[in-house]
Each structure stands twice: as C-alpha cells, then as structure tokens.
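Down below is the structure, laid out as structure tokens.
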Amino acid sequence: IALQGLSDPELLRRQALIGGKWVDAESGARIEVTDPATGAVLGTVPDVSAGQTGQAIAAAEAAFAQWRRTSPAERAKLLMAWHDLMIAATEDLAMILTLEQGKPLAEARGEIAYGASFIKWFAEEARRVEGGIIPAPMTDRRILATKEPVGVSAIITPWNFPNAMITRKVGPALAAGCTVVVKPSEFTPYSALALGVLAERAGIPAGVINIVTGMPAEIGAELTSSPVVRKLSFTGSTRVGSILMGQCAPTVKRLSLELGGNAPFIVFDDADLDAAVEGAIASKFRNGGQTCVCSNRILVQAGIHDAFVERLAERVSSMKVGSGMAADSDIGPMINGAAIDKINAHVQDALDHGASIAARAETPEGQYAAPMVLTGATGDMLLASEETFGPVAPVFRFDTEEEALLLANGTPFGLAAYFFTQDMQRAWRVGEALEFGMVGLNTGAVSMVESPFGGVKQSGLGREGARTGIDEYLETKAFHMAGL
Ligand code: ADP
C-alpha cells in the first residue's frame with residue numbers, strides 16, 4: 001500500500017526470475033511479505049518449488065556457456081550500467097528495503113550506496129583477473145596458471161542487508177564469468193527482485209541472474225544437491241551454514257560462508273572516551289543491532305567503566321525508536337516476533353543473573369525492542385555466548401588486558417572485534433592477539449568495499465569484497481605446454 005509512493009512502480013516485482021522470464025510458482029503457491037513496522041502484508045511472492053529451482057539452475061547453466069566467453073571489458077560495462085541504474089533508483093530501492101526490512105530510511109539509502117559499491121568495484125576487478133607463467137623444471141616446457149570462472153553459483157542471502165548481501169556476491173560472481181541462482185531471504189524478497197529488474201534493464205543477458213523466492217529448505221536442498229551448481233555462497237546463521245555445508249559435501253562444492261559473530265568491543269582505560277562512545281553506538285546499534293558485525297559484548301576496563309557507562313547510557317536513553325519510514329527514527333522494528341523473543345530472553349536471563357539496566361529508551365508498542373544498556377554482564381549469561389541481534393548493549397567490567405583478551409577470544413566465533421586504546425604498543429599487541437577476521441582499532445566500523453570481509457573459526461569461510469573477493473568465484477588452471 002505504502003509502496004504506491006514509488007517513483008518507478010515497475011521496480012516492485014512480484015514474480016521470480018528464471019531464464020529471463022518473470023514467473024509465478026507452477027503450483028500457484030505464494031508467500032506473504034510483511035512490513036515489520038506495522039505487521040501489514042505488503043504483498044506476496046511465488047513459493048517456487050524444487051522443480052522450478054532446477055529450471056533456474058538449467059537456465060544458469062545454459063547462460064554460463066556464453067557468459068564465460070564474454071570479454072572482461074564487456075562484463076565490466078554491463079556491471080557498471082547496473083551500478084548506475086541502482087544509484088539512480090536509490091530512493092525507490094531504499095523505500096522498498098525499509099518497508100520490508102524495517103531499518104530507518106537513511107540507513108536503507110546507505111545500504112543501497114554500499115550495495116552498489118560492490119557492483120562498481122567488481123566491474124573494475126573484472127579486468128584485473130590475471131594469471132601467471134611458472135618456470136618449468138624442463139627446458140621444453142612452459143607452465144601457465146590461468147583463471148577460469150567456477151561455474152553456476154548458488155547465492156543464499158539473509159534479511160538484514162537485503163540489497164548489499166546480494167551485490168557483494170553477485171558482483172564478483174558475474175565479474176568472474178559465473179552465472180547465479182539467487183535465493184533471497186523469504187522476509188525480504190522485493191529488494192532482490194528489484195535488483196533483478198535493474199539487471200535486466202542494464203542488459204545483463206537472460207539466465208545470468210536467476211532469482212527464486214520461496215521457502216528455504218526445499219530450494220536450498222535443490223541448489224545444494226545439484227551437481228551443476230559448482231559453488232555456494234551463503235550469508236546467514238552458523239546453524240544453517242553448517243547444514244548447507246553438509247548438503248554440499250556429496251558434490252564437493254566450493255563454499256563461501258559468512259556466518260554468525262559474537263563481536264567483542266573492548267574499551268581500555270587509556271581510550272579516548274568520546275571516540276569509544278561514538279564507536280560503540282555505531283557498532284552496536286546499526287540496523288537496530290541486527291548485523292553479524294554488531295558488537296555483542298562491550299568489555300570495559302575498571303578505570304574508565306563508570307564514565308563510559310554514564311556517557312553510553314545518556315546516548316542510548318535518548319534514542320528514537322519507531323517506523324523506519326519516520327525521518328527521526330534511529331532504531332526501526334525488529335524483523336519478526338522470534339527476534340523479539342530472543343532479545344527478551346537474553347535480557348531476562350541477564351537480569352536473573354545479576355545484571356542491571358543502566359538505560360532504556362522509550363519504545364512504542366509493536367514489533368520493537370527497547371535500546372538498552374545493561375551493566376554487570378558476566379560470562380554465564382546467554383548474551384555472552386549467543387548473538388543477541390538487537391539493540392541491547394551489555395557492559396562487562398574487566399581489570400587487565402590479559403583478562404580482556406581471554407574474554408574476547410573465548411568464543412567459537414571470530415568475525416569482527418573492536419578495541420579502543422591510545423597506547424601504540426597495546427594497539428599492536430591486542431590487534432595481533434584477537435582471533436577475528438576483522439579488527440577495528442579506535443573505530444566501530446570495518447565494512448567497506450575495499451576491505452576483506454569475513455571471519456575465522458565458526459564465523460565462516462572465505463572473504464568478500466576487496467581484491468580477494470573475486471577469487472571466491474575463480475579456479476586456477478595449470479596449463480602445461482610441452483615439446484617446445
Ligand atoms: P538469519 O539468522 O539471518 O535469519 P538464516 O540462516 O536463518 O539467518 O537465514 C539466512 C538465509 O538462509 C535465508 O535466505 C534463509 O531463507 C536461508 N535458509 C534458512 N534455512 C535454510 C535451509 N535449510 N536451506 C537453505 N537455506 C536456508
């Protein structure tokens with residue numbers, strides 16, 4: 001209903017994209033998409049079957065034969081055209097995103113810019129896929145190492161970044177010469193389908209990008225069991241990532257997995273207090289706390305603890321919670337009821353284990369979680385070992401650097417970590433000791449296209465963005481020329 005405000009209503013597509021055709025489910029089955037701010041049904045999308053997913057895979061396979069042979073310059077040109085259309089459509093894409101996902105419109109605009117940056121970056125990288133010439137052990141031989149696209153790639157993405165998690169994968173896949181079948185989150189399919197409309201307008205050939213909407217398990221089983229699909233790139237929970245990894249084992253697929261985190265945010269006594277508070281706000285409350293790099297545990301050294309908590313509490317208690325469409329909202333609704341239940345369970349468990357509420361922002365009725373600062377957090381609380389994925393900032397007090405590192409690394413996850421100090425020796429020491437794929441010193445933001453994004457331990461496999469991002473979609477071929 002609110003979507004009538006779009007300047008280009010064609011961007012709101014309610015069909016799946018298979019082999020260049022917009023289609024409904026063969027069965028006619030559809031799933032509803034709701035606005036998390038109001039609970040209103042925004043519309044429906046097809047509930048695509050395993051059989052139709054197979055058609056999408058076949059379409060991607062057919063398109064791959066040609067697409068892999070286009071020149072890198074041609075692929076770069078098409079990707080740039082897609083990028084430019086995304087930028088031109090920012091307002092509409094942001095509105096669709098906010099309506100189905102909930103984040104404040106300003107953050108949604110930011111996500112469109114971030115999402116588009118991956119298409120531009122990999123358009124540029126398409127032309128820099130270089131091989132090598134390796135000295136051979138015999139004189140009549142030359143050895144070449146060349147790079148080839150992996151092949152048909154399955155892309156499964158979450159709801160927290162409905163645009164950027166797709167572009168961060170599809171950008172490098174297409175640049176490398178792969179074709180894709182995308183399965184967006186069932187909570188946020190419209191952002192994905194809008195990208196499909198723009199890709200079509202940019203002139204990206206039919207079958208290069210296929211988008212199947214519907215329930216995850218059936219589509220996922222087809223994508224992972226198909227021997228035609230040579231690669232899976234997944235962003236989502238560690239639980240589902242590990243299931244998919246198992247399902248990919250029989251056909252030995254290449255895997256890129258961006259899974260859950262449990263980010264520590266460490267404030268040492270010698271930190272710049274203003275910078276630390278700003279960093280905590282940026283890293284904890286982005287997208288209402290619903291990102292895998294959001295700080296989950298705020299560890300603060302005893303000497304600065306009270307001052308830090310006081311400042312953080314001030315900021316958090318004045319946060320504005322409300323619909324993402326309202327210009328003054330800092331925090332939108334949570335994605336669904338299950339998210340609210342998990343946040344409430346974490347808070348209740350923390351209070352039961354002795355934590356106290358140092359600040360709590362006013363929060364409207366509905367699918368909203370209250371931004372909160374908890375003090376007295378300890379390792380035996382649920383929020384110490386699980387991602388809360390909401391606007392709750394638990395503060396743990398520590399005394400020594402050694403203790404902070406033990407706490408920070410004491411998790412099976414290793415995605416992002418942040419720490420604040422002005423001591424150069426400590427900066428190196430702690431930066432090197434943190435067992436995480438991304439570490440921010442004196443900053444709460446580490447996601448940008450130039451920087452490799454990814455985790456260690458149970459946070460995943462591979463890196464996205466950066467110069468290495470395209471390698472996830474490339475195979476190296478050793479080509480021996482003998483008898484020379
Ligand atoms: P989140 O915690 O971000 O919701 P999920 O791991 O549940 O993460 O979901 C991430 C993506 O994985 C979504 O597109 C979702 O539909 C999909 N998904 C969930 N379960 C499965 C499954 N069994 N097979 C394939 N995809 C799945």
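Annotations
- Shape analysis of the stretch 134-226 based on the Cα gyration tensor places the equivalent ellipsoid semi-axes at 34, 16, 11 Å, largest first.
- Taking amide H as placed 1.01 Å from N in the peptide plane, GLU475 has its amide H under 5 Å from the amide H of GLU148, VAL150, each at least 5 places away in sequence or on another chain.
- Computed from Cα positions, the angle between helix 273-285 and the longest principal axis of the chain comes to roughly 50 degrees.
- Over the stretch 367-484, equivalent-ellipsoid semi-axes from the Cα gyration tensor in Å: 36, 19, 14
- Using the alpha carbons alone, the radius of gyration of the stretch 289-438 stands to its Kirkwood radius in an Rg to Rh ratio of 0.97.
- Subset of LYS147/LYS183; LYS169/LYS231; LYS103/LYS457; LYS77/LYS477; LYS77/LYS147; LYS169/LYS253 violating a 22 Å alpha-carbon distance limit: LYS147/LYS183; LYS103/LYS457; LYS77/LYS477
- Column: log10 I(q)/I(0), Debye, Cα scatterers of the stretch 1-71, q = 0.13, 0.20, 0.22, 0.27 Å⁻¹: -0.54, -0.91, -0.98, -1.16
- DSSP beta bridges in the chain [antiparallel fraction, %, rounded to 5]: 45 percent
- Calculated FRET efficiency for the pair VAL23/ASP380, C-beta based, R₀ 51 Å, to 0.05: 0.50
- All distinct Cα pairs of the stretch 350-410 go into the 1/r average, and the inverse of that average, the Kirkwood radius, is 12.8 Å.
- Computed from point charges on the beta carbon alone (+1 for Lys and Arg, -1 for Asp and Glu), the dipole magnitude for the stretch 162-297 about its Cα centre is near 620 Debye.
- Quarter of the Cα convex hull surface for the chain, i.e. its orientation-mean projected area (nm²): 24.2 nm²
- Over the chain, dividing the summed -39,500 (n - 2.57) contributions of all DSSP H runs of at least 4 residues by the number of residues returns a 222 nm mean residue ellipticity of -12000 deg cm²/dmol.
- 0 to 90° range, to nearest 10: angle between helix 50-67 axis and the chain longest Cα axis: 60 degrees
- Taking the Cα centre of the stretch 103-248 as reference, the dipole from Cβ charges on Lys and Arg (+1) and Asp and Glu (-1) amounts to some 260 debye.
- Extension gain (nm, one decimal) between MET80 and ILE243, 0.36 nm per residue minus Cα-Cα: 55.2 nm
- Ranked for footprinting exposure by Cβ neighbours inside 10 Å, fewest first, PHE398, PHE479 give PHE479, PHE398.
- Burial ranking of peptide ranges 64-76, 212-224 (average Cβ count within 10 Å, highest at the top): 212-224, 64-76
- Over the stretch 185-336, the Kirkwood radius and the radius of gyration, each from Cα atoms, give a ratio Rg/Rh of 1.09.
- Once the Cα-Cα distance is subtracted from the 0.36 nm per residue extended length, the ARG426 to ALA345 segment shows a gain of 25.5 nm.
- Peptide packing: for 382-395, 195-208, the average count of neighbouring Cβ atoms within 10 Å per residue gives the ranking 382-395, 195-208, highest mean first.
- Going from the residue with the fewest nearby Cβ atoms within 10 Å to the one with the most, ASP47, ASP24, ASP399 rank ASP399, ASP24, ASP47.
- Once the Cβ-Cβ distance of ALA65 and ARG397 is raised to the sixth power relative to R0 = 60 Å, the FRET efficiency obtained is 0.50.
No lab work stands behind these numbers, since they all come straight from the coordinates. The structure displayed is predicted, hence computed values, not measured ones. As a convention, Cβ positions derive from the backbone with ideal geometry for all residues, glycine included, and neighbour counts pool all protein chains shown.
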